[in-house]
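The values are calculated or read from the model by the stated rules, or taken from the named source; none is laboratory data. These numbers come from a predicted model, not from an experiment. Backbone-built Cβ (ideal geometry, glycine too); neighbour counts: all protein chains shown. The area values use the complete protein model at the heavy-atom level, side chains included, leaving out ligands, DNA and RNA. Shrake-Rupley method; radii C 1.70, N 1.55, O 1.52, S 1.80 Å.
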Amino acid sequence: MPSLTRDEAAERAALLTVDGYTIDLDLTRGATEFGSTTVIRFRCDRPGAATFAELRPIRVHRALLNGRDVDVTALDAGDGNRLRLYDLAADNELTVHATMAYSNTAEGLHRFVDPADGEVYLYAQTCLDSAQRVFTCFDQPDLKAPLILAVTGPQAWTVLANSPVACPVPGRWEFAATPPLSTYLMTLVAGPYRSWYTAHDGIGLGIHCRAALADHLDRDADEVFGITAACFDRYHEVFGVRYPFGKYDQVFVPEFNVGAMENPGCVTFRDEFVFRSAVTEAERTTRAMVIAHEMAHMWFGNLVTMRWWDDLWLNEAFAEYLGVRVAGEATRFADTWSTFTINRKTWGYAADQRPSTHPVAPDRVDDCAAALLNFDGISYAKGASAVRQLAACLGDDAFFAGLRRYFDAYRFRNATLADLLTVLGEAGGGRDLTGWALPWLRATGVTTLRPVAAIGPDGRYTAVTIVQTAPPERPTLRPHRLAVGLYDRGRDGRLERRRQVCVDLEPAADHGRTPVPALTGEPVATLFLTNDDDLSYAKVRLADAELEALPRLLPAVVDPLARAMLWSAAWDATRDADLPADRFLELVVAGLPTETELAVFAQVVSFAVDLTADQYLGGERRPAALAALAAACARTVLVAEPGSGRQLAAARGYVRCATVADVPVLRGWLAPADGDPSSGASGAARPTVPDGLTVDAELRWAVLRRLVVLGAAGHADIDAELDRDHGAAGAEQAAGCRSALPDAGAKASAWQSIMVDTSLSNRLLLATADGFWQPDQDDLTAGYVDRYFAELPAMANRRSPEVTWRLAAAAYPRLAVRSETVTAAQRLLDHDDLPAGLRRTVLDCTDDLRRALAVRGSVGG
C-alpha cells in the first residue's frame, strides 16, 4: 500500500481543514473483524478540487460524499488504502461504512486472547499511520480535529478512550468530544480489564490491566498513582500550563510493540510494566521514567504536535529528556540520569555510528514508511541529550520560559523546529539559535573528547586541553557546555570529586582544541573525567594510565553517575576496538561485585555476555570468559543483602553467564521446595538457593532457558514450566525456550514460524526469533545463515513493515561472526527492490557484525 509522502501531506493540509470525526465501532462481529462507520466533516479551500482519505478495510459497504456515492473499487484495485474524493465543496461530509480486520501485530485494533483465562482484550495502536486500520481519516499529524467515538461491545467489558464516557448505555459507550487531536493519537481499549481509580489536583486518574495481572498491579497501584501525581505537579510547575485533556487513564496492554504510547487521556503501556515477579529498583526506576515520559507527551506531541514526521524529535527528544529529569526530581527515583547514561545514551551512540544514522531533526523525511524507522536511538537518546545541552546553554529560567511561550503560541496546533527555536531564542534574550541547531540537530555523528595534560615536576598540571575529534565521514565538531571533574582517593580509599570546572568548547574558535586554564596549577587527579555529570553528548576517552588502572579505579568511584560514565566510556572503547575485549571483561569481573547501581549492573552484564563474550571473543576464549563472569556474579549473590535487588540482579547475571559446570546449581534453583510442588518462592528452604533469593516465575524461566541452551533441559521441562505459568508471559517464554533447543527439529519448526507463519502474534514471533541463534549451536544453525538472507524478502511480503523490520533484526544471524556472513548480507543489499525498512535493518545489523569482526581481529580471535 502506498505510504503517505511529505509532499502529499503538505498539499492536503493546504487544501483541507478538518472540523471533526464521528466514529462508531461495532465490536460484536466475531473474532476476526469489526464494524467501522466514520463521518468526517471538513472544509476545502478550493471547491471542485480532489483529494483522498485513508482506510485499510476488509471491505467498504458504502461511502458517501455530500450525499452522493463514492467509487470504492480503487481500494481493491491497487490503490490500497486511498479513497479518492472528487469535486469537493466548500463544506463537506464524508460517510464511510466499512468492515475492518483485527490485527495480531499491535497495529490498528489489536485483539488478544489471554491463555490464562480465555478472555478477549482489545486496544487500538494508531501511531504512526495505523489510524486508517480503525476508521476512515486524513491520516497525517497536521490535520488535527476533535473526535467523537461510540462503541458497541459486550456489556461486561470495560471500554476506555481518549475522553470520558458522555452517555453510558449497557453495551454501548458514547464518549465526549476530544480537543483537536492528530489521528495517530486516537485510541480505544476494550475488554474485561480490571481498574483502579483516584484523583489528584482535579484530574481523574485510572490504571487498568487484564484480569490475570490484577493482583500484581494491585500491589503497585499506590506507587503508580504516586508517580503520576508527583509528575503532574512538577509539569504544572515548570510548564505553567495545566494538563489539557481531562481524565488520565494508564492502561497496561498485552503484546505491545513499544514501551508505551502517549494517547491523550488514555496512555497505553506494555504490560510487562505490571511486575508479576520480583524486580530491582532499577526496573521500578525505568517504569517511573516511562510514566513521566508519556506524561511529558501531553504537552510535547499532544497539546503541540509536529507538523510532519521530520520533526519527530519535537515529540520524542523532549519527552525523553523531561521524563528522565522529572522522574528524578519529583519521585524517589533519584538516579535516573545514571540509568539514562548507561542504557539510553549508549543506544544513541551506537545508532549514531551506524550507516542509517540521521540528523536529530532531518531536513526532510519523505514518507511515513521512512518516518517509522526514525523511532530510534537518534530521535530519543541523542535528541534528549541535545535538549539537555540546550537547557545547559540557556539556563533553566530561559529554557522553561521559552517552553511556556511555545505552548501558548501553538496550543492545539502544529509546530516546526524553526518555531521552537524562535521562542526559545526570544526567551534567551533574543539569541539566534540557528547556529547552535546546525551542528546539534542537522548534522549526524558523535564526536570524541580526550583530555591532554602537561604535568610539571611538582605533580601539578601546567596545561590541560580538551581535544574534540570527529570521524572523517562525519566531520562536524560541536560546541559543548560541559564540566570536567577531578577525582581523588580519600582516606577510606574511595574516589570522590575534588573539583569541577565548567568548560565551553567552541570549535569555530579553537578548532577542536580547548584549553582549560582554570586547572593550571591544580594537583594531578587520580581520575580526570571529561563531561562530568554527562551534560553533553560525546564519546569520552580516558588518559592511557587511567584506562590501564580502571579495574582498580572504577570500583572506588562513589558517584553513581560518574561510574555509569566510566562504564560507558570503557564500552565505547571496546566497541571501537580501541580497548581489547578481554580487557573490558577484566574490568567487568573486577567492577561487578562492587557495583551498586542496578541499572548499570544489568547493562554491563548485557554488554559483557551478549556482545563481548558471544560476539567479540573467538570460540576458544568464550568459555573462560563466561566462567569468570559467572564467578563474579556468584560472588555478588553471596555478599548482597538477602532479598535485595542487588542479589536479584546478580542472580540474573549468574544465570546468563552459567556454563555446563553450573548446571547442578541451576537445577537446584528450579527444584520445588519440600512439600510445595507449585513454587520455589516459598516453603521449606533449599540448600542450593541463596538465602533471600526468590526463584519466581521470571527467574525460573531464565534458569530454564539457560538449561535448555546448555542441553540440560528439553521439551518436557518446557511443557511442565508452561503448565505452571500458562499465561501470556509464559507462552512467550516457552516459545523462546523451544526455539533455543539444541535440536534440529526444534530449529526447523522455529524457522517456519519466523519466516512463514502469519497466525502467530507479533510477540510470539519475536520470542521465537530471539531464541533461535545460540552460541555453541553453530552445527545446527550454520545452514540457516544463507537461508536468512535468501528468504527475508518473501517474509517481508507476508508481514507489515513494522513487524518485518523488528523480526528481521531479532532473527539476524549476529552470532555467525564470519566474513562469509557479511558477503551473504551484501548480496541481499545489492537487490534494488529491497523495501527501505528491511534494507536499513540488514545494513545496520551487518555493520554491527563488521564491528565484531574488527574487534576479534584486534585481539587475534
Original post:
Quick one: which strands (runs of 3 or more DSSP E) sit completely within segment 486-587 and have at least 3 residues that are open to solvent by less than 50 Å² (accessible area, probe 1.4 Å) and either at pLDDT 95 or above or under 15 Å from Ala453 (Cα atoms) (or both)?
Top reply: 495-505, 527-532
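Quick one: in segment 157-166, which of the residues that are of a type in the set (A, V, I, L, M, F, W, C) and within 16 Å of Tyr197 (Cα to Cα) is most open to solvent (accessible area, probe 1.4 Å)? Talk me through it step by step, then tell me what you get.
Taking segment 157-166 and keeping what is of a type in the set (A, V, I, L, M, F, W, C), we get 157, 159-161, 165-166.
This time we only want the ones that are within 16 Å of Tyr197 (Cα to Cα), so: 159-161, 165.
Values: Val159: 8, Leu160: 15, Ala161: 3, Val165: 56 Å².
Checking each candidate, the answer is Val165.
Just to confirm my filter: which strands (runs of 3 or more DSSP E) fall fully inside segment 188-274 and include at least 2 residues that are open to solvent by 10 Å² or more (accessible area, probe 1.4 Å) and within 28 Å of Ser761 (Cα to Cα)? First the steps, then the outcome.
Numbers: elements: 188-191, 194-200, 203-209, 248-253, 266-270.
Once the strands (runs of 3 or more DSSP E) in segment 188-274 are filtered for at least 2 residues that are open to solvent by 10 Å² or more (accessible area, probe 1.4 Å) and within 28 Å of Ser761 (Cα to Cα), what remains is 194-200.
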**OP:** Identify all residues within segment 803-822 that are within 22 Å of the chain's Cα centre (by Cα) and either part of a helix (DSSP H, G or I) or among the polar types (S, T, N, Q) (or both); write none if there are none.
**Re:** Val803, Thr804, Trp805, Arg806, Leu807, Ala808, Ala809, Ala810, Ala811
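From the list Thr339, Thr305, which residue is over 15 Å from the mean Cα position of the chain (by Cα), outside any loop (DSSP other than H, G, I, E, B) and hydroxyl-bearing (Ser, Thr, Tyr)?
Result of the check over Thr339, Thr305: Thr305.
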Subject >> Residues of segment 338-353 that turn out to be among the aromatic types (Phe, Trp, Tyr) and either closer than 9 Å to Gly377 by Cβ or surrounded by fewer than 20 Cβ atoms within 10 Å (Cβ to Cβ) (or both), as a count >> reply: 2
**OP:** Return yes when Thr422 is among the β-branched types (Val, Ile, Thr), open to solvent by 30 Å² or more (accessible area, probe 1.4 Å) and more than 30 Å from Gly837 (Cα to Cα) and no when it is not.
**Re:** yes
Original post:
For segment 169-186, does any single residue satisfy the condition of being hydroxyl-bearing (Ser, Thr, Tyr) and more than 30 Å from Pro47 (Cβ to Cβ)?
Top reply: no
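Can you work out which of the residues in segment 275-302 that are assigned to a helix (DSSP H, G or I) and among the polar types (S, T, N, Q) is surrounded by the fewest Cβ atoms within 10 Å (Cβ to Cβ)? Reasoning before the result, please.
Of the residues in segment 275-302, the ones assigned to a helix (DSSP H, G or I) are 281-297.
Among the residues that remain, those that are also among the polar types (S, T, N, Q) are: 285-286.
Details: Thr285: 24, Thr286: 21.
So the residue we want is Thr286.
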Original post:
Condition test on Leu722, is it outside any loop (DSSP other than H, G, I, E, B), open to solvent by 30 Å² or more (accessible area, probe 1.4 Å) and at pLDDT 95 or above?
Top reply: yes
**OP:** Just one of (1) out of contact with any helix residue (DSSP H, G or I) (no Cβ under 8 Å at 6 or more places or on another chain); (2) in a helix (DSSP H, G or I); (3) under 20 Å from Arg814 (Cβ atoms); (4) not polar (S, T, N, Q) trips up Glu620, so point out which.
**Re:** (2)
Subject >> Residue satisfying all of: in segment 116-156; closer than 30 Å to Leu722 by Cβ and free of Cβ contacts under 8 Å to residues at least 60 places away in the same chain; most open to solvent (accessible area, probe 1.4 Å) among these >> reply: Ala156
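Which of the residues belonging to segment 740-759 are part of a loop (DSSP other than H, G, I, E, B), among the hydrophobic types (A, V, I, L, M, F, W, C) and surrounded by 17 or more Cβ atoms within 10 Å (Cβ to Cβ)? First the steps, then the outcome.
Filtering segment 740-759 for residues part of a loop (DSSP other than H, G, I, E, B) gives 741-743, 756-759.
Cutting the leftovers down to among the hydrophobic types (A, V, I, L, M, F, W, C) gives us 741, 756.
Listed by number, the list holds a single entry, Leu741.
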Original post:
Conditions: (1) open to solvent by less than 40 Å² (accessible area, probe 1.4 Å); (2) under 19 Å from Thr5 (Cβ atoms); (3) in contact with a helix residue (DSSP H, G or I) (Cβ under 9 Å, 6 or more places away or on another chain). Arg56 meets all but one. Number of the miss?
Top reply: (1)
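Condition first: at pLDDT 95 or above and not basic (Lys, Arg). Now tell me which residues in segment 835-853 satisfy that.
Leu838, Thr841, Val842, Leu843, Asp844, Cys845, Thr846, Asp847, Asp848, Leu849, Ala852, Leu853
Are any residues in segment 52-105 among the hydroxyl-bearing types (Ser, Thr, Tyr) and under 34 Å from the mean Cα position of the chain (by Cα), and if so, which ones? Spell out the reasoning first.
Quick first cut of segment 52-105, residues among the hydroxyl-bearing types (Ser, Thr, Tyr) only: 73, 86, 95, 99, 102-103, 105.
Selection gives Thr99, Tyr102, Ser103, Thr105.
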Original post:
When you go through (1) modelled with pLDDT under 95; (2) within 19 Å of the chain's Cα centre (by Cα); (3) not β-branched (Val, Ile, Thr) one by one for Ser800, which number turns out not to apply?
Top reply: (2)
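Before we move on, is Val360 touching a helix residue (DSSP H, G or I) at 6+ places or on another chain (Cβ under 7 Å), modelled with pLDDT of 95 or more and part of a loop (DSSP other than H, G, I, E, B)?
Details: touching a helix residue (DSSP H, G or I) at 6+ places or on another chain (Cβ under 7 Å): yes; modelled with pLDDT of 95 or more: yes; part of a loop (DSSP other than H, G, I, E, B): yes.
Against the criterion (touching a helix residue (DSSP H, G or I) at 6+ places or on another chain (Cβ under 7 Å), modelled with pLDDT of 95 or more and part of a loop (DSSP other than H, G, I, E, B)), Val360 qualifies.
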Original post:
If you scan segment 442-477, which residues turn out to be at positive phi and touching a strand residue (DSSP E or B) at 6+ places or on another chain (Cβ under 7 Å)?
Top reply: Gly459
Original post:
From the set of residues in segment 154-185 that are among the hydrophobic types (A, V, I, L, M, F, W, C) and in contact with a Pro (Cβ under 9 Å, 6 or more places away or on another chain), which is nearest to Cys368 (Cα to Cα)?
Top reply: Leu185
**OP:** Confirm whether Gly783 is surrounded by fewer than 16 Cβ atoms within 10 Å (Cβ to Cβ), under 23 Å from Gly619 (Cβ atoms) and more than 23 Å from the chain's Cα centre (by Cα).
**Re:** yes
Subject >> Residues satisfying the stated conditions in segment 369-386, i.e. more than 17 Å from the chain's Cα centre (by Cα) and either free of Cβ contacts under 8 Å to residues at least 40 places away in the same chain or surrounded by 22 or more Cβ atoms within 10 Å (Cβ to Cβ) (or both) >> reply: Ala386
Subject >> Pick from segment 1-28, criterion small (Gly, Ala, Ser) and assigned to a helix (DSSP H, G or I), ranking: nearest to Ala370 (Cα to Cα) >> reply: Ala9
Subject >> Which numbered condition Arg62 fails, given (1) surrounded by fewer than 14 Cβ atoms within 10 Å (Cβ to Cβ); (2) not in a strand (DSSP E or B) >> reply: (2)
**OP:** Could you check how many residues of segment 816-844 are in contact with a Pro (Cβ under 9 Å, 6 or more places away or on another chain), open to solvent by 30 Å² or more (accessible area, probe 1.4 Å) and closer than 28 Å to Leu579 by Cβ?
**Re:** 1
